[in-house]
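*Asks:* Below you will find the structure I want to go over with you.
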Amino acid sequence: MSSNIQGQSIIDHFDNMIDHCYDFAEAAKSRGRPVVGIMCEFTPRELILAAGGIPVCLCGGSADTIPDAERTLPANLCPLIKSTYGYHVKEANPFLKWADLIVAETTCDGKKKMFELLAASKPMHVLELPQKSNDEDGLTHWIGEVQKLKDRLEKQFSTIITDSALRSAIDLMNCERVFRRKLAGWMKQELPPLTGRQLLNFKSIISCMEMDLQQYEKALELFEQGGSLPGSAKATGKRNVRVLLTGVPTAHGAGSERIIHLIENAGATIVCSENCTGLKPILEDVNVGIRDPLKAIATKYYHLPCSVMTANNDRFTSLRNLAAEYKPDCVLELVWQACLTYDIESIRVRSFVENELHLPYLKITTDYSPSDSARITARIEAMMEMVQH
């Protein structure tokens, strides 16, 4: 198979990611496997896999479902929360309808209250997240919360989650993280063999599907042989402005992913996404050297440098390391309207980027509506022009 055909085949696979996930979940559910909905990277997928379940990310990325959500939810709420709840109201997300259990992570107040509405019609387990990331008592509490999730999964699905099953799930998730880190590592090249948008596409809403792992291997093999994906800097032979993207996650969907398109259509390549749909959750594996697999899992997830943590100093360590590795020309921070934790933390991020990293910084505050796309494009293009000159 030629490099171009192989590259297009990989793109086509992930362009149809939702269809693949639908077929996979439908077939698995027909065989009796439960579907467990999650909405945050703090939920340990390893426990769900070890229970025989299918972990599915339910985060909404479409603007189309938001009007239905606003019949109940306030308009000045995070679009990710409204989009997710809108799917529920419209019964438009089959994965949400199939969910035998939803894990509700207490990361922000908006999500917590939305979960209460969802719980009126869906089985729900609340996973309480401590707020102090470096506090030993907080970690102890978190391990207890992960144990409670294990207990709930066992009771809900009439199963026993053994240490052996946990270790197998750890190995599988670590394998996926290694693949995704290696793929992201190719963005360190002066002319990356894929775009930031294409790399984002590689993240499936269902973890550890064998077909995805096979495509990761094919992509890595292609890059190692000197190939590239169509439209990448390597394919065009043009060095684009290198952007480090930080801030909120960009869930699957045209509304959420709109800013990714605007940035790269302006002549940039997002060489590093520090957010939860990028590198943040895959920088660290579960430590297989820790004897208790449940504690090992809890410890890994507790280290996520999310803005809901206080003080969230680990985020700046991560940004410092990623900037050194990926060598961006500038930093763009995306904040969803009404996401107060990221909005307030952006004050520290701007100071850090400009005064320590000595890089240009641009903050984009928006929602899922395309109404401000022209204004945002003008700001991005102005940043690109400044960087190039």
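Values quoted throughout were computed directly from the atomic coordinates according to the rules given, and no laboratory measurement underlies them. Source: prediction; values computed, not measured. Cβ: placed from backbone, ideal geometry, glycine included. Neighbour counts: every protein chain shown.
*Asks:* Which whole-number percent gives the relative contact order of the range 25-159, counting Cα pairs below 8 Å spaced six or more residues apart? Don't jump to the answer; show the numbers that get you there.
*Replies:* On the way: 186 pairs, mean separation 30.9, N = 135.
Computed over the range 25-159, the figure is 23 percent.
*Asks:* Kindly list the residues of the range 66-86 that lie in the label zone of residue 121, defined by a backbone N under 20 Å from the point 7 Å along the Cα-to-C-beta vector.
*Replies:* 66-75, 80-86
*Asks:* Under Stokes-Einstein, with the Kirkwood radius over Cα pairs standing in for Rh, what whole-number D in µm²/s applies to the range 181-272 at 37 °C and 0.692 mPa s?
*Replies:* Numbers: Rh = 13.7 Å.
In µm²/s, the coefficient is 239.
*Asks:* Using Cα pairs closer than 8 Å and at least 6 residues apart in sequence, work out the relative contact order for the range 230-388, in percent. Intermediate values should be presented prior to the final figure.
*Replies:* Details: 195 pairs, mean separation 46.2, N = 159.
Over the range 230-388, the number comes to 29 percent.
*Asks:* Now for a separate question. Among the listed pairs 148/295; 90/300; 29/300, give every one whose C-alpha distance is greater than 24 Å. If you can, show how the numbers build up before the last one.
*Replies:* Values: 148/295 13 Å; 90/300 36 Å; 29/300 29 Å.
Among 148/295; 90/300; 29/300, the Cα-Cα distance tops 24 Å for 90/300; 29/300.
*Asks:* In addition: Exactly which GluC sites (Glu not before Pro) in the range 122-227 are in a DSSP loop and have at most 14 other Cβ atoms within 10 Å?
*Replies:* When the GluC sites (Glu not before Pro) of the range 122-227 are filtered for loop state and at most 14 Cβ neighbours within 10 Å, 128, 190 remain.
*Asks:* How high is the relative contact order of the chain? Use alpha-carbon pairs under 8 Å, at least six apart in sequence, and give a whole percent.
*Replies:* Working: 629 pairs, mean separation 76.6, N = 389.
Over the chain, the number comes to 20 percent.
*Asks:* Out of all DSSP beta bridges with both ends in the chain, state the antiparallel percent to the nearest 5.
*Replies:* In the chain, DSSP labels about 5 percent of beta bridges as antiparallel.
*Asks:* Let me ask something else about it. Can you tell me the convex hull volume per residue for the range 1-71, based on C-alpha atoms, in Å³ to the nearest whole number? Before the final figure, lay out each step's value.
*Replies:* Numbers: hull volume 11.4 nm³, N = 71.
Residue-normalised Cα hull volume stands at 161 Å³.
*Asks:* In 5 Å bins starting at zero, report the fraction of Cα pairs in the range 230-388 per bin as a rounded %.
*Replies:* Distribution as computed: 2, 8, 17, 20, 20, 15, 9, 5, 3, 1, 0 percent.
*Asks:* Also, quick follow-up: Express the C-alpha Rg of the range 25-159 as a ratio against the empirical globular expectation 2.2 N^0.38 Å, rounded to two decimals. Could you put the intermediate results ahead of the total?
*Replies:* Values: Rg = 15.2 Å, N = 135, 2.2 N^0.38 = 14.2 Å.
Relative to the rule-of-thumb radius for its length, the range 25-159 sits at 1.07.
*Asks:* What is the chain by shape, rounded, prolate or oblate, if you read a ≥ b ≥ c off the alpha carbon gyration tensor as root eigenvalues and call it rounded for a/c under 1.5, prolate for a/b larger than b/c, and oblate otherwise?
*Replies:* Details: a/c = 1.42, a/b = 1.28, b/c = 1.11.
Here the chain falls in the rounded category.
*Asks:* Report, ordered by chain and residue number, the aspartates and glutamates lying within cross-link reach of residue 363, taken as a straight Cα distance under 13 Å and ignoring same-chain residues fewer than 8 apart.
*Replies:* 333, 343, 345, 354
*Asks:* Give the range of the longest stretch in the chain that excludes all trypsin sites (Lys or Arg not before Pro) found in loop regions by DSSP and having at most 16 other beta-carbon atoms within 10 Å.
*Replies:* Values: sites that count: 31, 71, 132, 238, 239, 291.
Maximal segment without exposed cleavage sites: 133-237.
*Asks:* Would you compute, from DSSP H runs of 4+ residues alone, the mean residue ellipticity of the chain at 222 nm, taking -39500 (n - 2.57) per run and dividing by the full residue count, rounded to the nearest 500? Walk me through the intermediate numbers first.
*Replies:* Values: 17 runs with 198 residues, N = 389.
Counting only the DSSP helices, I get -15500 deg cm²/dmol.
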